[in-house]
Every structure is written in structure tokens, then in C-alpha cells.
Amino acid sequence: MVVAGIGQYSCEPVDDEGIPFGVEFRVEYGQSVTLEDGIELTFLELKREARCPEGAVCTWDGEAVIAVALGHEDEIGSVIELSIPGHVDAQSNMGHTYKQHGGYNISLRQLDPYPLIDHTEAKHRYVARVIVEQLNNEEELTPG
């Protein structure tokens, strides 16, 4: 059984059926969660943390980039990068991007902790909020 945060504020056990598609969930750095079709999403690495720090005045909001893997049971599978602009969180209506990969539409909705001025956070403390949607064949063929 995997414990993952589902939705905006809950942290409930996820049963053997996995996290349903289209539902926001949390995955901690170095951890994996299982989706409803049995595929595992693993938060592999914080590739870049270049978001404008809290309390700073920046000419660019910056962005953060993480690497996640999609695979089945102990198999790393495909590694993809997901990004999120600075000053964007799960409640933002704009700024989220989707990455189409292997029949899935994946979006990084929030990455915590948000950077602070003069403070570097340890990578193992990062938590990503992600939504994965399964594409049908027609959507998969649409360029995006």
C-alpha cells in the first residue's frame, strides 16, 4: 500500500487500485506512487530550482524542473522532465503546462517548498503535486 496525498489537502492511504487518473496527488522526492492502471510515477530528481525566491524582486518569475520516471514495478521506464513557473501553485488558473508522453498527459501543479532568499533547501524535502490523465488514441495523435 502506498500513502500519498490525494486532492488538495488530504493524505490518505491509496489502495491497490492506485491513484485515479485526473486526481491531483503528492509524490515526495525519491518516492513512487502507483496509478490506477498499475504504472508507477517516481520523483527522480530536482533538475533545476530557479524560481524567484519569496520576498525577492525579480525581472523573471523563473521556473523549477523535475525529472520523473514512468514504469512498472521496479522498472524505471521513461524519464521525462516537468516544469513549473515561479509563483505558480496548485490553485493557480494559469501557468500550468502539460507534457504528453506514452499515452498520458502529465502536469506538475505545485512544487514545495517554495524557495526563500538566502536559503537552499535540501533536495530530499521536495514534494511535487502532479496530475496524470490517460489520453485516448485521438488525443495522443494531436501535437502539443
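Things to note:
- With the simple spin-label model, which puts each label point 7 Å out from Cα in the Cβ direction, the LYS123 to CYS58 separation comes to 2.0 nm.
- Which of CYS52, CYS58 has the fewest Cβ neighbours within 10 Å, and the rest in rising order: CYS58, CYS52
- Hypothetical label at LEU116: residues of the range 34-74 whose amide nitrogen lies under 15 Å (7 Å Cα-Cβ projection): 53-56
- What the Cα convex hull of the range 2-141 gives, in volume per residue, is 113 Å³.
Taken together, the values in this text are just the output of simple stated rules run on the coordinates, not laboratory data. These figures come from a predicted structure and were not determined experimentally. Here Cβ is always computed from backbone atoms with ideal geometry, including for glycine, and neighbour counts include all displayed protein chains.
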